[in-house]
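A.B. asks: Handing you this structure, nothing more for now.
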Ligand code: NAD
């Protein structure tokens with residue numbers, strides 16, 4: 001029996017990268033895990049790994065920036081399990097460019113995929129969580145949302161927006177025993193970051209006090225803690241997982 005036994009968790013964008021590691025860590029701790037990704041990606045593969053760890057779950061292909069698809073996803077989970085205890089709003093992407101060259105579509109897309117998706121998913125799980133008087137919502141922000149990153153006006157705005165939303169919602173639902181927190185990873189080796197040029201990678205590492213990139217597991221342990229019973233008095237918090245890159 002793990003500390004999350006019988007808790008039902010949804011992890012968006014868990015076909016690969018950080019979301020994949022989070023799904024597996026929650027499963028290791030006993031949670032039932034609903035994996036999700038866009039079509040063509042790997043929610044099914046992640047679910048197989050969840051099952052191999054001895055947990056149950058569902059794999060749901062859905063674009064979580066689309067309201068109707070989010071509604072179907074949440075309905076399917078409620079129909080099968082009757083509750084949702086943990087929501088990890090992890091799905092996200094990048095369309096980097098200097099502002100002068102950034103097309104308006106890339107601004108809209110990043111705000112929709114990174115920020116609106118979390119608003120839609122959180123809104124959809126709130127009533128079920130309120131009915132059970134229990135919930136853990138964890139939003140995947142970024143150091144870029146705290147410090148800003150050149151070439152990422154869209155991404156930084158979406159990740160800063162997640163922090164504002166985290167704090168506002170935390171205040172709205174604290175009395176219902178629902179906590180809402182954010183995790184702000186630094187530079188983590190995933191497909192999202194693998195194409196950065198080597199000189200930029202070297203400069204980035206030189207600025208990290210711990211002198212290394214983070215791993216997806218580093219982030220997954222922080223999320224699993226915020227999802228736990230033990231984190232029940234922590235809400236509206238932004239937990240940096242960045243090797244000391246941003247200190248306060
Ligand atoms: P990734 O690209 O490896 O994985 C993201 C997953 O989300 C992909 O499988 C993708 O298909 C899925 N996804 C994208 N849009 C979706 C949608 N609309 N609906 C459902 N699924 C969708 O990226 P990652 O590095 O694992 O990043 C995960 C999260 O962590 C993102 O929100 C990202 O912004 C954030 N983050 C990453 C880093 C990093 O250094 N890798 C740093 C800070 C924050």
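The values are calculated or read from the model by the stated rules, or taken from the named source; none is laboratory data. Note that the structure is a prediction, hence the values are computed from the model and not measured. Note that each Cβ is placed from the backbone with ideal geometry, even for glycine, and that neighbours are counted across all protein chains shown.
A.B. asks: I need every pair where a residue in segment 205-216 that is at negative phi and without any contact (Cβ under 8 Å) to a residue 60 or more places away in the chain has its Cβ under 7 Å from the Cβ of a residue that is away from the ligand (no atom under 12 Å from the Cβ) and not in a helix (DSSP H, G or I), sequence separation at least 6 or different chains.
C.D. replies: Cβ pairs passing all conditions: 205/211; 205/212; 208/244; 209/244; 210/244.
A.B. asks: Out of segment 175-195, which residues are farther than 19 Å from residue 145 by Cα and within 13 Å of the ligand (Cβ to nearest atom)? Give the steps one after another, and end with the answer.
C.D. replies: Here is the first cut: in segment 175-195, the residues farther than 19 Å from residue 145 by Cα are 175-179, 191, 194-195.
Once the filter is applied, which keeps residues that are farther than 19 Å from residue 145 by Cα and within 13 Å of the ligand (Cβ to nearest atom), segment 175-195 yields 191, 194, 195.
A.B. asks: Within segment 57-80, take every residue that is closer than 20 Å to residue 30 by Cα and in contact with a strand residue (DSSP E or B) (Cβ under 7 Å, 6 or more places away or on another chain) and give me the one that is farthest from the ligand (Cβ to nearest atom). Even if it seems obvious, please write down each step before you answer.
C.D. replies: Looking only at segment 57-80, we keep the residues that are closer than 20 Å to residue 30 by Cα, and these are 57-60, 77-78, 80.
If we keep only those that are in contact with a strand residue (DSSP E or B) (Cβ under 7 Å, 6 or more places away or on another chain) as well, we get 57-60, 77, 80.
Numbers: 57: 16, 58: 15, 59: 12, 60: 10, 77: 15, 80: 19 Å.
Per the criteria, the residue is 80.
A.B. asks: Wholly within segment 46-142, which strands (runs of 3 or more DSSP E) include no fewer than the required count, namely at least 1 residues that are buried (at least 24 other Cβ atoms within 10 Å of the Cβ) and under 13 Å from the mean Cα position of the chain (by Cα)?
C.D. replies: Passing ranges, in order: 86-89, 135-140.
A.B. asks: How about segment 1-28: which of its residues are surrounded by 19 or more Cβ atoms within 10 Å (Cβ to Cβ), in a loop (DSSP other than H, G, I, E, B) and more than 16 Å from the ligand (Cβ to nearest atom)? Let's see the steps before the verdict.
C.D. replies: Within segment 1-28, the first condition is being surrounded by 19 or more Cβ atoms within 10 Å (Cβ to Cβ), and the residues that meet it are 4, 7-15, 17-27.
Next cut, in a loop (DSSP other than H, G, I, E, B) only: 4, 7, 12-15.
Correct list: 4, 7.
A.B. asks: Of the residues 192, 196, only one is under 20 Å from the mean Cα position of the chain (by Cα) and modelled with pLDDT under 95; which? Spell out the reasoning first.
C.D. replies: On the way: 196 fails: under 20 Å from the mean Cα position of the chain (by Cα).
Within the list 192, 196, the selection yields 192.
A.B. asks: Something else: Are any residues in segment 29-45 surrounded by 24 or more Cβ atoms within 10 Å (Cβ to Cβ) and within 14 Å of the ligand (Cβ to nearest atom), and if so, which ones?
C.D. replies: 34, 35, 36, 37, 43
A.B. asks: Further, regarding this structure: Tally the residues that are outside any helix (DSSP H, G or I) and over 25 Å from residue 20 (Cα atoms), restricting the search to segment 155-188.
C.D. replies: In the first step, residues of segment 155-188 are kept if they are outside any helix (DSSP H, G or I); the result is 177-188.
Among the residues that remain, those that are also over 25 Å from residue 20 (Cα atoms) are: 177.
The total comes to 1.
Here is a yes/no grid of residues against (1) more than 23 Å from residue 114 (Cβ to Cβ); (2) touching a strand residue (DSSP E or B) at 6+ places or on another chain (Cβ under 7 Å):
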residue	(1), (2)
169	no, yes
181	no, yes
184	no, yes
194	no, no
198	yes, no
201	no, no
204	no, no
209	yes, no
213	no, yes
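A.B. asks: Of the residues 221, 134, 155, which is at pLDDT 95 or above, more than 14 Å from the ligand (Cβ to nearest atom) and out of contact with any strand residue (DSSP E or B) (no Cβ under 8 Å at 6 or more places or on another chain)?
C.D. replies: On the way: 134 fails: out of contact with any strand residue (DSSP E or B) (no Cβ under 8 Å at 6 or more places or on another chain); 155 fails: more than 14 Å from the ligand (Cβ to nearest atom).
Of the residues listed, the single one that is at pLDDT 95 or above, more than 14 Å from the ligand (Cβ to nearest atom) and out of contact with any strand residue (DSSP E or B) (no Cβ under 8 Å at 6 or more places or on another chain) is 221.
A.B. asks: Six or more apart or on different chains, Cβ atoms under 8 Å: show the pairs whose first residue is in segment 149-167 and without any contact (Cβ under 8 Å) to a residue 12 or more places away in the chain and more than 19 Å from residue 104 (Cβ to Cβ) and whose second is within 12 Å of the ligand (Cβ to nearest atom) and in a helix (DSSP H, G or I).
C.D. replies: 149/143; 149/155; 149/156
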